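Below is one structure, written out as structure tokens, with a few remarks after it.
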Amino acid sequence: MPASFARRADQLLEGTDADLEHCFPGDDGSRQPLHTCYVPADLVTPATAREWGEAARAAAEEAGGLTALAELAGVEEHLREEVVTRTERKLREEPIEDLRLDLEDGYGQRPDAEEDGAAVGAARTVAAMALARHRGDSPQPAFAGIRFKCLEAGTRQRGLRSLDLFVTALVREGGLAQAGAAADGLPAGLVLTLPKVSTVEQVEVMTEACRALESALGLAHGRLRFEIQMETAPMILGLDGTCPIPAMLRVAEGRVTALHYGTYDYSASLGVAAEFQSMEHPVADHAKQVMQVAVAGTGVRLSDGSTNRLPVGDAAQRREAWALHARLVRRSLERALYQGWDLHAHQLPTRFLTNYAFYRRSFDASAHRLQVYRSRSVPGIEAADVADEPATARALARFVHRGLLCGAIGPEELASAAGLDHQELAALAHPRPTAATPDPGGT
């Protein structure tokens, strides 16, 4: 091989290297919420999270306590005490991790003046929640924002107006900069949700809207980011016969933070009868698998959808709905979908019980394998009964890191079981520099 070939290879692959660096930066290791709770915007107050936590605890108590719900959720007996303790604390300290004030389907069609007021009111509520969290004086969500109406022709102007009113009021009237809670007036955990996306051009318009708001409000370029809800068939298979998700991410200039699966809109768009619309229907699994492949390595996260079987009826109905919810949450986790939607306060106990059990169930084995991996000099030779490769070690570390961030695992347990602290674990899980996160730990 000529000595010059190495330089030739660099020249030929220069574009590939740049694409991989730009398009596939990997997950940044920051906290991803376990769930998103959707509530009509005009019904949310700074007390909503506390009220949901109280309602969740009361419902659990009426059902025989969190221990009884843990058994119903399939949590193994040896895990229950610790899982229940952590869930009880979670429901008191941070019952909602991510709250979406809904101006779309949950809000409906109302006169413009009424929705204008709701959009500005939502900004004031999000600001009040962020200030309360900054002071540490109430159980507020780490992430909050709005879902506005989609960019299809019939709702486009209304959606853009609500987005404008919300962001503008948050910056100019929220008081976060004056209180020292956010230099630019926006909460660190701000989330904007763009629903019913079908085409690349809709994402391009949203990106331009973000740039326009940043310019008008003096915000840093790229400060406004957004989630995309996958609720229509063209987002999985576009008009040209290809999946448009990669192109959407490119035109968004790094602004897309997550893709959320919309269970019922998507199922209905494919003609699935209402009785069979579900997070585990084959059409749902296909869509989520396409989404998963499309965002792998990009740093864009995924969220599963919701179940509309709410535990709000008699005792038998509640037990059935809780068992279903717990099973669906565990199913999502096993399929690497680490976030979902909750539509009612009574779903919170099974959300946290199931998540905490998921991470604690495999923590000891994962921690042991990490400890062995870090201590051996020749992979697969020393005391390990599993010969983990670097990619598997990263997967183990990411699993444990997620458990630490959501509060399923404590820092002291990490140090004892794996001989690692938070930063060492993060470096092993995410070799690239970990991005700053507004709230690096769970409760």
Quiz prompt | From the options Glu275, Glu253, Glu227, residue that is surrounded by fewer than 17 Cβ atoms within 10 Å (Cβ to Cβ), at negative phi and not hydrophobic (A, V, I, L, M, F, W, C) | solution = Glu275
Quiz item: What pairs can you find where one residue is in segment 323-347 and in the same structural domain as Ala59 (by the TED database) and charged (D, E, K, R), the other is surrounded by fewer than 24 Cβ atoms within 10 Å (Cβ to Cβ) and part of a loop (DSSP other than H, G, I, E, B), and their Cβ atoms are less than 7 Å apart, with a gap of 6+ or different chains?
Solution: Arg331/Glu280
Quiz item: What tally of residues in segment 17-54 results from selecting those that are open to solvent by 40 Å² or more (accessible area, probe 1.4 Å) and either under 21 Å from Thr354 (Cα atoms) or of a type in the set (Lys, Arg) (or both)?
Solution: 2
Quiz item: Among the residues of segment 240-250, which ones are part of a loop (DSSP other than H, G, I, E, B) and either acidic (Asp, Glu) or surrounded by fewer than 19 Cβ atoms within 10 Å (Cβ to Cβ) (or both)?
Solution: Asp240, Gly241, Thr242, Cys243
Exercise. Under 7 Å between Cβ atoms, at least 6 apart or on separate chains: pull out the pairs that start in segment 41-70 with a residue that is assigned by the TED database to the domain that holds Gln317 and within 18 Å of Ala122 (Cα to Cα) and end on any residue that is among the aromatic types (Phe, Trp, Tyr) and open to solvent by 30 Å² or more (accessible area, probe 1.4 Å).
Key: none
Exercise. Report whether or not Arg360 is modelled with pLDDT under 95 and either open to solvent by less than 10 Å² (accessible area, probe 1.4 Å) or farther than 18 Å from Pro33 by Cβ (or both).
Key: no
Quiz item: Given the structure, is Ala118 assigned to a helix (DSSP H, G or I), more than 24 Å from the chain's Cα centre (by Cα) and either touching a residue at least 12 places away in the same chain (Cβ under 8 Å) or surrounded by 15 or more Cβ atoms within 10 Å (Cβ to Cβ) (or both)?
Solution: yes
Exercise. Go over the candidates Leu270, Leu186, Leu217, Leu237 one by one and state the one that is surrounded by fewer than 22 Cβ atoms within 10 Å (Cβ to Cβ) and either farther than 26 Å from Leu328 by Cβ or not assigned by the TED database to the domain that holds Ala326 (or both).
Key: Leu217
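The values are calculated or read from the model by the stated rules, or taken from the named source; none is laboratory data. Model, not experiment: these values are computed from the prediction. FYI the Cβ positions are ideal-geometry reconstructions off the backbone, even for glycines, and counts take in every protein chain you see. Protein only, heavy atoms only, side chains kept; ligands, DNA and RNA dropped before computing areas. Shrake-Rupley method; radii C 1.70, N 1.55, O 1.52, S 1.80 Å.
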